[in-house]
Amino acid sequence: MTRLGRPLGGRRRLAVVATILSMLALVSQLLVMQSGAAAPTTVAATAASVDGRVESLLRRMTLEEKVGQMDQIVLTKLRAASSPANGDCNGGNNDPLQPACLEKVLITDKTGSILAGGTDNPTDNTGRGWAEQYNTIQRYAIEHSRLHIPVIFGVDAVHGFGHPFEATLFPQSIGMGATWDTKLAEAAGAATRQQLLATGGNWNFAPVQDLARDNRWGRYYETWAEAPALSAAIGAANIRGMQGGGFNAPKVAATVKHFAGYSQSINGHDRVQADFSIRYLQDTFLPSYAGGIDAGAATVMVDSGSLNGVPAHASRFLLTEELRNRLGFKGVVISDYGDVPALASAYHVAADLTGAVAQAVNAGIDVSMTPMDSAGWNRAMLEAVRQGLISERRIDQSVRRILRLKFQLGLFDHPYVDPDKADAAVKANRDLARQAAGESITLLRNADGALPLGTDLGKIVVTGPSAGCEATDPAKDPACQAAIANQLGGWSVSWQGPYQPLDPADHRNCCIGPPSQIPTATTVLDGIKAAVPSTDVVWARDQQAAVREAGTADAVVAVVGEQPYAEGLGDNPSPMLPADQQALIAALKETGKPVIVVVIAGRPLALGQAGSTNGLLMAYLPGTEGGSAVADVLFGKVNPSGKLPVSWPSEATRNPPLSQFNPGAPSLLGDQPKFFDQLPGTNSGQGSGYNPLYPFGFGLSYTTFDVSGLSATGSVSRHGTVTASFTVANTGSRQGTNIVPVYVHQPVSGGSIVVPPKRLVGFARVDLDAGQSKTVKVSFPVTRLAVTVGDIAGAGRREVQPGAYQVQVEDLSADFTIRG
């Protein structure tokens, strides 16, 4: 080949050939898509790079088409009871997709992404119904748009794909955090991917990588843990499973959210301001998000609140300096629901939507979950470009990321799903859900060995609002409706959870599932009956019946906790067991019979007398097979191994709180630890003096363990790795799993920077038969100990301080040195 009479060199010939192959692949793909069929993977398509296909398509797009790709519109805007003349739709769940609505949003407004919000279920809320709905939307976008660009379809599958009412659901994230099991978290992520790939949800707005900091917050249960290292590890594993491929080859796009510091509001409420130092942001919060990003997460969602007086969606410091430059994120950044327009309508930092989109896009937003006004988004973006507020180069930057993600997900080559396979996919993995729930359950109290219960007991009474029911048709019994809803929590069937009768004034009535869609979950009552078929298992609907039946019982199991909630509707200034449940437990204790309390809740609660019963289990929000898992633990089929991923606040009802003058006082509800104290119950030296009822990492077993022989790498550079070695022995009479947290203590911190007395750097799950011992090695990079250097301004870089350190495991320690 020649150009201007000169022969092309070998490298230039290869570049030209690659360009031609890319163009041929795109033409072939578009011709196939015009017929409405999925494009086959040809040799040319395989050879062409994703980047080449992106650039070829980007060059052909108009500015209006590019702007549309940056918008995400909610599914209700595609529905209507009847076809409106102007295509301006806003239908409900029982309304069908309308061609005029699809035309308006997808073709006229050129929208590139659709959101199925928390309440946006199809009339046929099954796997098949979701698959058929997705195919209809995707086919319309591909067949009718000028360049045949597929949409990306976003959902919130936070503990499995929760919308189809028959779906298998896993424990909510706080329960998965209690397993400390990265392999299990990855398997649960893969199971969720299986559900999503079958139903069309190729963009999942999960997991939450915010830290658990305040149990008053209504999204507390969506977090993995309060410790950055645990949250990062569980989240990273979940993302690997969910995506099924790294950053460059995801099968489903996972989303790290909500960047950054969303969970540390000033008052425990959702979507309000946070005020804390940049050092606290970088040293405590960012490592959790970094865990997800380093695992290859394809997308990041932004914090809905403000930080230090600046809305996160308008902060170039957060979204460009911290996220992209410091953490190295290269994927798509999306706003949360309605947060770009909120810069003008709620925060009033912009005069109008044009100013709002300019602030958000220039800060680093690639996609706006607008979510209602596609035409308004387009007008505002085009006006911002006309006024010179946003450059076309900046728009190309975002659209390039969006198109790359669509190509990586295979949406151009295989855009549709098979509805015939969808129902089986969403119902699969019940055994895995049961295993996950069993591993999560945390034994908090076992007075005089009350647990496990014998399988040969004559009579067991089961009671409490989360226990279950006895009914010919459980789906129509209010007691079963409540128990199932409580067990699954929010983001299950609908935003605020499955249907259950609520007070008419309860705001959650807006957004619960319909009574015709009660999930087929196994309740605790169901699980107990299946576990001990020869025992007389009596269900007591109310306190009077429970006390009466307890008189002739061998044991009583009371299943208590919270009703479902999500986001701000779950904010609670004083999380505690409701008064009627506390009264039930007090009355049962008066009978003198062994009382076992099972707490089903999304956060630690003030327990009252439940905290002094014979047995106390925290089951979190255990999911579809939670009842079977609880029974497995109650009767010893599963030896409990769950450890608290958060501190459990004690129940202060008096002042003053803990201080050096009152070292025995309990901590106030809503408190959260900023440090892990070496001396719980004291306020001497560094630390918050936090005195929890149950500390982070607490959890009992039916056997006993011993840890010995701790050693650690003696000397390491600031870029090296420390390996801790120790022996774990099962000194009891039955098999068990011991979770061993590994901490680092820095006796003297340098640079006048206060560090926690101990920092979690790793952990091990050790399975042991009775009498067995194993030597375990836990390695961690010393970069995990980095702190932000400098003075109070906290504007410095993160560095590892040289000097003396100690690895700490239980009451053992081993010295090591980090060289300068």
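The values are calculated or read from the model by the stated rules, or taken from the named source; none is laboratory data. Note that this is a predicted model, so its numbers are computed, not measured. Don't worry about glycine lacking a Cβ; one is built from the backbone with ideal geometry, like all the others, and counts go over all protein chains shown. These area figures cover heavy atoms from the full protein model, side chains too; ligands, DNA and RNA do not enter into them. Shrake-Rupley method; radii C 1.70, N 1.55, O 1.52, S 1.80 Å.
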- request: Would you pull out the residues with amide H under 5 Å of residue 253's amide H, same chain only if 5 or more places away, H placed 1.01 Å from N?
  value: 203, 204
query: For the range 690-771, what are the per-bin percents of Cα-Cα distances with bins 5 Å wide, up to the bin holding the maximum?
result: 3, 11, 17, 20, 18, 14, 10, 5, 2, 1
- prompt: So what J values fall out for the range 85-102 if you push phi through Karplus, 6.51 cos²θ - 1.76 cosθ + 1.60 with θ = phi - 60°, rounded to Hz, Gly and Pro as x?
  reply: 5, 9, x, 8, 10, 6, x, x, 5, 8, 8, x, 5, 10, x, 5, 6, 4
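Where the eigenvalues come from the Cα gyration tensor of the range 227-320, what are the semi-axes √(5λ) of the equivalent ellipsoid, largest first, in whole Å? Please report the intermediate quantities before stating the final value.
Numbers: eigenvalues 124, 38, 24 Å².
After scaling each eigenvalue by five and taking roots: 25, 14, 11 Å.
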statement: Quick calc, the range 315-470, dipole around Cα centre from Cβ unit charges on Lys, Arg (+) and Asp, Glu (-), nearest 20 debye, gives 540
message: Give the aspartates and glutamates whose C-alpha is closer than 13 Å to that of residue 421, dropping any in the same chain fewer than 8 places away, or say none.
response: 132
message: Can you work out the Karplus-derived ³J(HN,Hα) for every residue in the range 183-199? Use 6.51 cos²θ - 1.76 cosθ + 1.60 with θ = phi - 60°, whole Hz, and x for glycine or proline.
response: 5, 5, 4, 5, 5, 5, x, 5, 5, 5, 4, 4, 5, 6, 4, 7, 10
message: Treating only the Cβ of Lys, Arg, Asp and Glu as charged (+1, +1, -1, -1), what charge dipole size does the chain show about its Cα centre? Round to the nearest 20 debye.
response: 3040
field: Nearest-10 value in Å² for the accessible area of residue 418, using the 1.4 Å probe
entry: 70
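Under a 1.4 angstrom probe, counting protein chains only, how are 817, 199, 713 ranked by accessible area, largest first?
Details: 817 65, 199 0, 713 40 Å².
The most accessible residue leads, giving 817, 713, 199.
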message: Given the whole protein assembly as supplied and a 1.4 Å probe, what does the accessible area of residue 49 come to in Å², nearest 10?
response: 60
task: Would you mind checking which residues have amide H under 5 Å from residue 576's amide H? H placed 1.01 Å from N; only 5 or more apart, or other chain.
output: 606
- line: The percentage of the accessible area of the chain (probe 1.4 Å, all protein chains present) made up of carbon and sulfur atoms, to the nearest whole number, is 52
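In debye, nearest 20: dipole of the range 689-799 around its Cα centre with unit charges on the Cβ of K, R (+) and D, E (-)? Can you show the working numbers first?
Details: 10 positive and 5 negative charges, 45 e Å.
Charge dipole of the range 689-799: 220 debye, to the nearest 20.
Any of 643/774; 637/774; 593/774 with alpha carbons more than 30 Å apart? Name them for me. Could the numbers behind the result be given before it?
On the way: 643/774 20 Å; 637/774 23 Å; 593/774 40 Å.
In this structure, 593/774 exceed 30 Å between Cα atoms.
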message: Please list 593, 774, 77 from largest to smallest accessible area, probe radius 1.4 Å, with all protein chains kept in place.
response: 774, 593, 77
- line: Restricting to lysines and to Cα separations under 23 Å from residue 257, and discarding same-chain partners fewer than 8 apart, the set is 183, 330, 406, 674
- prompt: Sequence-distant or interchain residues sharing an amide H contact under 5 Å with residue 258, placed H: which?
  reply: 209, 210
Eligible aspartates and glutamates near residue 758 by straight Cα distance, threshold 13 Å, same-chain separation 8 or greater: 677, 810, 811
- prompt: How large is ³J(HN,Hα) for each residue in the range 710-715, as worked out from phi by the Karplus curve 6.51 cos²θ - 1.76 cosθ + 1.60 (θ = phi - 60°), to whole Hz, x for Gly and Pro?
  reply: 6, 9, 8, 3, x, 9
